[in-house]
Structure formats: structure tokens, C-alpha cells
Amino acid sequence: MNNQDNNILLSADNLNWSVRGRSILKNLTFCINRGDFIGIIGPNGAGKTSLLRCLYHKISPSSGTIHFEDRPLQQLSRQQIAQKIAVVLQEPPTDFDISVLDVIRMGLIPNKSLLSFDTDEDQQAILAAAEKVDLSNHLSQSFNSLSGGEKQRAIIARAILQNPQLLLMDEPTNHLDIRHQIDVLKLAGSMNITVLVSIHDLNLAATFCNRLIMLDEGVIVADGTPEQVLTQELLHRVFGIHAELDRHPFSNKVRITFDLNDHD
């Protein structure tokens, strides 16, 4: 895929990834436009995490290509990728025996030289990122002493500080209560950057994402607006669930009500 459209930030063309002879991702072709807030949805084992790992070059595809803007992703250095792409993983790290402030500060590293010192502007940016994720009162606390949800919010603050063009999030709300789930997705949407998030909660996906990519067994089975992707037929075929679909009376977003008494 030759990326000639200036609105395209990242593109994948016939992307395949296999491990130990098992095909995980199969001929995935799609583009991510600047400013998109895209949800990657699908059942467990559909390939959501594997796809994200390919997109930030944690793993290399078995075949196919990924371009970031007009350059093959594999031609970018680790630092260049970190300058362009921030990543929030499903499980927060458990081996950071440093303060919360120092974890957030790591977001400065891709854009600073090795021996440079923090400026007053850097310090203000750290404090602002901590405030956005409600961790201002925990900056001196050890990262390892935080709850799972607090750790995840600290990693999100680190990503904010990184100032990327693309934010990849793998189940970022997994350890959060409902208030912070909503806060994190609102925050991601307010950053004025492109966001690609794998997410299990279909109603949250419908609420915050302008576009959904549905995976099933490593294949893209639907790609479009929430209204186009979250259909009764696809929900039944891919997830094995029966659901009623309507629109929220205030936001006009698609809303899913699950039939708990009728399932496969």
C-alpha cells in the first residue's frame, strides 16, 4: 500500500503474523487516518493484542507491510518509533521500584538527549499530566505501591508526556473502576491525536470511538462506524450473543442491551 494520502497516518497492507506454525493475523489491510479514535474489538483470541504489537514493532509481521506516514515501520529506529507512537499496555509494569513522578517523567525520554536536564517547562508538563489522571497526590509514592488502576493511570500520564502522534492502548480500562474508565477514554479523546484502542466493553467502544475494527480469528470481519459494525447479526456471529440495539436519547450513539436469557 503506497501511502500518498496526507491524511493517512498509518497503513497496513496484507499483514500476517504466525507463531509456531499457527496463523494469528491473516491478510489485514487497513488505514488509520489522522484524528481517528478507533476501537479494536473482538472476542478473546481474535488477535487484538498481536495486531497492536505489530503496529508498534514489538513483533515483526511474518509478511505484509506497515507504513507510518510514508516510511516502512521497520526502517524507523526504536527512538523514532517512541517519538511517534506511545503505548499503554493491558498489564501495567510491576518492576518499577521508583516514584510515580519518575515513571511519568519517562515520557520525556524519547524527545530529549541522554545528558539533558529537565527544564521548568518539563516539570510543569509532568505535573499537568499527573493532574489529568488524578495522581497529583501520589507523585512521591513508590510506583510499586500503587493499585493496579493507579499504575495504569501513571502509565497513561507517561504516554501523555511523550506527546506522540499515535496512541496505542491495549485494554487501558481493564483495571479501572467505571469512573476512571470513562475518564481515561475522555482524556484520550481530548488529546487531539490519533488513538487506536483494543477494548472489550462494546458500549464504551460505541460511545467513544468514531470507527470500529472487528476482528475474529485474526481476520477483519467489519470496519466502519459503530452503527455499521455493531449489528445484531455480527454480534451473534462473532461473539455468540443476542442483543437489542437502540440509540442513546441524548448522545444518539448506538447502545447495546444484552439478552441474558438467550445465548449460545
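Scanning for something touching a Gly at 6+ places or on another chain (Cβ under 7 Å), assigned to a strand (DSSP E or B) and closer than 25 Å to Arg255 by Cα, does the range 186-194 turn up at least one residue? Looking for residues that are touching a Gly at 6+ places or on another chain (Cβ under 7 Å), assigned to a strand (DSSP E or B) and closer than 25 Å to Arg255 by Cα, one finds at least one in the range 186-194, hence yes. When Lys84, Lys151 are screened for being of a type in the set (Lys, Arg) and in contact with a helix residue (DSSP H, G or I) (Cβ under 7 Å, 6 or more places away or on another chain), only Lys151 passes. Limited to the range 10-32, what total is found for residues that are outside any strand (DSSP E or B) and surrounded by 17 or more Cβ atoms within 10 Å (Cβ to Cβ)? Of the residues in the range 10-32, 0 are outside any strand (DSSP E or B) and surrounded by 17 or more Cβ atoms within 10 Å (Cβ to Cβ). Going by what's in this entry, would Val195 be described as surrounded by 18 or more Cβ atoms within 10 Å (Cβ to Cβ) and touching a Cys at 6+ places or on another chain (Cβ under 9 Å)? The answer is yes for Val195. Which one of Ser190, Ser116, Ser147, Ser99 is among the hydroxyl-bearing types (Ser, Thr, Tyr) and closer than 23 Å to Phe37 by Cβ? None of the others qualify; the one that does is Ser190. Beta carbons closer than 9 Å, at least 6 apart along the sequence or on distinct chains, pair a first residue in the range 110-130 that is under 13 Å from Arg158 (Cβ atoms) with a second that is of a type in the set (Asp, Glu) for Ile126/Asp118. Each residue in the range 70-85 was checked for being surrounded by 15 or more Cβ atoms within 10 Å (Cβ to Cβ), more than 16 Å from Leu28 (Cβ to Cβ) and not β-branched (Val, Ile, Thr), and 4 pass.
Taking the range 133-144 as the range and being small (Gly, Ala, Ser) and assigned to a loop (DSSP other than H, G, I, E, B) as the test, only Ser140 passes. When Phe117 is tested against (1) assigned to a loop (DSSP other than H, G, I, E, B); (2) modelled with pLDDT of 95 or more, just one condition goes unmet, and that condition is (2).
Criterion first (in contact with a Pro (Cβ under 7 Å, 6 or more places away or on another chain), more than 19 Å from Ala205 (Cβ to Cβ) and modelled with pLDDT of 95 or more) does Asn27 satisfy it? When the stated conditions are applied, Asn27 does not pass them. Close contacts from the range 27-42, counting a first residue that is within 15 Å of Ala12 (Cα to Cα) and a second that is hydroxyl-bearing (Ser, Thr, Tyr), with Cβ to Cβ under 7 Å and a gap of 6+ residues or different chains, come to Cys31/Ser11; Ile32/Thr194; Arg34/Thr194; Ile40/Ser198.
The set of residues from the range 78-114 being part of a loop (DSSP other than H, G, I, E, B) and of a type in the set (A, V, I, L, M) comprises Leu89, Ile98, Leu114.
Screening the range 165-177 for residues that are assigned to a loop (DSSP other than H, G, I, E, B) and surrounded by 19 or more Cβ atoms within 10 Å (Cβ to Cβ) and picking the one that is modelled with the lowest pLDDT gives Leu176. As a summary of the residue check, His67 satisfies the conditions (1) part of a helix (DSSP H, G or I); (2) in contact with a Ser or Thr (Cβ under 9 Å, 6 or more places away or on another chain); (3) at pLDDT 90 or above except for the one numbered (1).
Answer yes or no as to whether His180 is under 17 Å from the mean Cα position of the chain (by Cα), in a loop (DSSP other than H, G, I, E, B), within 25 Å of Phe96 (Cβ to Cβ) and in contact (Cβ under 8 Å) with a residue 24 or more places away in the chain. Please lay out each step first, then the result.
Numbers: under 17 Å from the mean Cα position of the chain (by Cα): yes; in a loop (DSSP other than H, G, I, E, B): no; within 25 Å of Phe96 (Cβ to Cβ): yes; in contact (Cβ under 8 Å) with a residue 24 or more places away in the chain: yes.
So His180 fails the test.
Which residues, counting only those in the range 145-164, are exposed (fewer than 15 other Cβ atoms within 10 Å of the Cβ) and either in contact (Cβ under 8 Å) with a residue 60 or more places away in the chain or part of a helix (DSSP H, G or I) (or both)? Steps first, answer last, please.
Here is the first cut: in the range 145-164, the ones exposed (fewer than 15 other Cβ atoms within 10 Å of the Cβ) are 145, 147-148.
Those that are exposed (fewer than 15 other Cβ atoms within 10 Å of the Cβ) and either in contact (Cβ under 8 Å) with a residue 60 or more places away in the chain or part of a helix (DSSP H, G or I) (or both): Ser145, Gly148.
The values are calculated or read from the model by the stated rules, or taken from the named source; none is laboratory data. In this text the structure is predicted, and so the values were computed from the model without any measurement. For neighbour counting, all protein chains shown are included, and Cβ atoms are generated from backbone atoms with ideal geometry for every residue, glycine included.
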